[in-house]
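Take a look at the structure below.
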Amino acid sequence: MGRISGLSHVGVFVKDLDTMTQFYCETLGLTESHRNGDRMVFLTADVEKEDHEVVLVRGRDGDAKIIQQLSFRVGTIEDVKAFYQTFQQMGVEIQQTVSHGAGASCYFYDPEGNRLEVFADIEVEGGRGYSGPIDLEKSAEELAAQITAG
């Protein structure tokens with residue numbers, strides 16, 4: 001059997017390609033690498049490293065939620081906090097802010113109701129620290145201390 005080396009990209013069916021492209025580019029900072037007419041948009045966090053990581057494809061029907069979540073890794077807790085502040089300023093619906101024991105996460109929804117996450121890992125002695133709700137209004141230092149304390 002072969003071996004998978006990693007996840008390359010995910011495709012998401014959307015109703016409104018322009019609105020979703022604008023959200024993913026302007027709110028999350030992804031870059032449009034290319035398009036396939038008015039049907040598909042290819043997005044990446046870094047065009048130097050990846051041609052695309054998210055593909056938005058016109059053709060979503062109904063109101064079904066078929067994606068559990070899309071998660072985007074960021075470098076630091078400060079980055080998670082910056083996205084949280086951006087989401088608040090832009091009126092993006094935030095579902096929860098939480099630690100899973102080794103980092104800080106902010107879950108939110110895109111314009112079509114797909115659940116997304118931005119998260120930053122932090123080093124925790126023993127591998128797991130505090131798991132539960134976090135307040136992203138606190139400083140990054142306070143959050144790191146809370147999470148690493150367990």
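Quick look at the numbers
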| read-out | value |
| --- | --- |
| Segment 1-46, residues that are in contact (Cβ under 8 Å) with a residue 24 or more places away in the chain and part of a loop (DSSP other than H, G, I, E, B) | Ser8, His9, Lys15, Asp16, Leu28, Leu30, Ala45 |
| Sole exception among (1) touching a Leu at 6+ places or on another chain (Cβ under 8 Å); (2) outside the structural domain of Thr27 (by TED's automatic domain parsing) for Met90, by number | (1) |
| Within segment 74-87, tally of residues that are among the hydroxyl-bearing types (Ser, Thr, Tyr) and either within 17 Å of Glu112 (Cβ to Cβ) or in a helix (DSSP H, G or I) (or both) | 2 |
| Segment 89-122, subset surrounded by 13 or more Cβ atoms within 10 Å (Cβ to Cβ) and among the polar types (S, T, N, Q), residue farthest from Leu56 (Cα to Cα) | Ser99 |
| Whichever residue in segment 107-150 is under 13 Å from Lys81 (Cβ atoms), in a loop (DSSP other than H, G, I, E, B) and charged (D, E, K, R) and, among such residues, is farthest from the chain's Cα centre (by Cα) | Lys138 |
| Single residue of segment 65-88 satisfying the filter (of a type in the set (Ser, Thr, Tyr) and under 19 Å from Ala145 (Cβ atoms)) that is surrounded by the fewest Cβ atoms within 10 Å (Cβ to Cβ) | Thr76 |
| Number of the condition not met by Glu125 [criteria: (1) modelled with pLDDT of 95 or more; (2) loosely packed, with under 13 Cβ neighbours inside 10 Å] | (1) |
| Residue match in segment 52-73 (condition: part of a strand (DSSP E or B) and in contact with a His (Cβ under 8 Å, 6 or more places away or on another chain)) | yes |
| Of the criteria (1) touching a residue at least 12 places away in the same chain (Cβ under 8 Å); (2) outside the structural domain of Ala104 (by TED's automatic domain parsing); (3) within 26 Å of Glu123 (Cα to Cα), which one Lys49 fails | (1) |
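The values are calculated or read from the model by the stated rules, or taken from the named source; none is laboratory data. Predicted model, so just to flag it, every value in this text is computed and none were measured. All Cβ positions, even for glycine, are placed from backbone atoms using ideal geometry, and neighbour counts span all protein chains on display.
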